[in-house]
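Read-outs throughout are calculated quantities, based only on the coordinates presented, and are distinct from any laboratory measurement. Fair warning: this is a prediction, and the values are worked out from it, not measured in the lab. Positions of Cβ are backbone-derived with ideal geometry, glycine not excepted, and every protein chain shown enters the neighbour counts.
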Amino acid sequence: MKSKIVLLGLLLLSLTLSARAARIDTLSVESRKMDRKIPVVVVVPEQALQGKQCPVLYLLHGYGGNEHYWLRIKPELSDMADRDGIMVVCPDGENSWFWDSLKNADSQFETFVSSELVSYIDKHYPTVCDRKGRAITGLSMGGHGGMWLSIRHKDVFGAGGSTSGGLDIRPFPDNWDMKKQLGEMKDNPEAWEQHTVITQLDSLKNGDLALIFDCGENDFFYEVNKAFHEELDKRGIFHDFIVRPGQHNDRYWRNALDYQWVFFRKFFAGYRSRLE
């Protein structure tokens, strides 16, 4: 009899835990500007499934990745979302660098992520529909995207981040298909100047955004991240900059997200505390 009671207890515990599991939605979201549908993965925490408004972290992949990349390298994202009541949205950004391409009408991902996707998510899920309830970050190309989109769309995102991000593209004119979006750097220097994160800082004042970025000491993007940090310091713009041993790889990014998650969780908690 005692063993049956124990087994029944374990079964009830299992059912309770499974009932609290986050849901993974795989979507095709319409982009009017590109006239096509874009794949998106959404991690919906249990709190949202119960109808509670949740803040949203937009999480961008790197070059060669897709909407499934973050869940593949960080499968515990679902548990993190459930624990803290944070929704996670991972769009496919192709190899766009999250720009509205000057060369390719089929690659307009700045508009898609900052406007079309945010509008879709707010319409179809119980979100905090305010910049203080939205943050955006990513890795490598997506790190560029996180900073690019947060700085240029401060009305949409209250916090921005980057891990191992290409925060200055100009030292890399022949890499990662950027010329397909902007043209050759030697022929279009102004376009390259205008489409790199570090040149966007004239539009940023201290307090406009909560900012966090990090990079491994052995990463080929380390120097441009360091320069970005120094430029923010020179301008008196508060930010968190983390340097750790590491390279440009999944192992580093899995670890980096834990640090950024705490930063964004505290950012969202500050907004929630003002509502209570």
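Please arrange E67, E184 by how many other C-beta atoms lie within 10 Å of their C-beta, fewest to most. Can you show the working numbers first?
Working: E67 21, E184 13.
Lowest to highest Cβ neighbour count: E184, E67.
Partners of K123 within straight-line reach, counting lysines whose Cα lies under 29 Å from its Cα and excluding those fewer than 8 residues away in the same chain: K33, K37, K52, K74, K132, K154, K266. Model label sites at N95 and D25, defined 7 Å from Cα along the beta-carbon direction, differ in position by 3.1 nm. For the chain, the dipole from Cβ point charges (+1 on Lys and Arg, -1 on Asp and Glu) about the Cα centre works out to 1160 debye, to the nearest 20. Couplings 3J(HN,Hα) of region 147-162, computed from phi: 6, 4, 6, 5, 5, 7, 9, 5, 6, 9, 10, x, 9, x, x, 7 Hz, in residue order, whole Hz [Karplus 6.51 cos²θ - 1.76 cosθ + 1.60, θ = phi - 60°; x for Gly and Pro]. Close amide H contacts of T127 (hydrogens built in the peptide plane, cut-off under 5 Å, sequence separation of 5 or more or a different chain): C54. The phi-based Karplus calculation (6.51 cos²θ - 1.76 cosθ + 1.60; θ = phi - 60°) puts the 3J(HN,Hα) values of region 70-78 at 5, 5, 5, 8, 9, x, 6, 3, 4 Hz, whole numbers, x for Gly and Pro.
Work out the FRET efficiency for K33 and N218 from their Cβ-Cβ distance, taking R0 = 41 Å, and round it to the nearest 0.05. Step by step, r from the Cβ atoms, then E = 0.60.
Distance between the 7 Å Cα→Cβ label points at N104 and D250: 2.4 nm.
Only helical runs count toward this figure. For the chain, summing -39,500 (n - 2.57) over DSSP H runs of n ≥ 4 and dividing by all residues gives -11500 deg cm²/dmol at 222 nm. Each residue of region 100-113 was assigned a 3J(HN,Hα) from its phi angle through the Karplus curve 6.51 cos²θ - 1.76 cosθ + 1.60 (θ = phi - 60°); the sequence is 8, 4, 7, 10, 9, 5, 7, 10, 10, 8, 5, 5, 4, 6 Hz, with glycine and proline shown as x. Simple spin-label estimate for E193 and V243 gives 2.9 nm between the two label positions (7 Å along the Cα-to-Cβ direction from each Cα). Under 5 Å from the amide H of F220 lie the amide H atoms of H248, each residue being 5 or more positions distant or on a separate chain, with H modelled from the backbone and absent for Pro and chain starts. For V29, the residues whose amide H sits under 5 Å from its own are I38, V40, ignoring neighbours fewer than 5 places away on the same chain, with H placed 1.01 Å from N.
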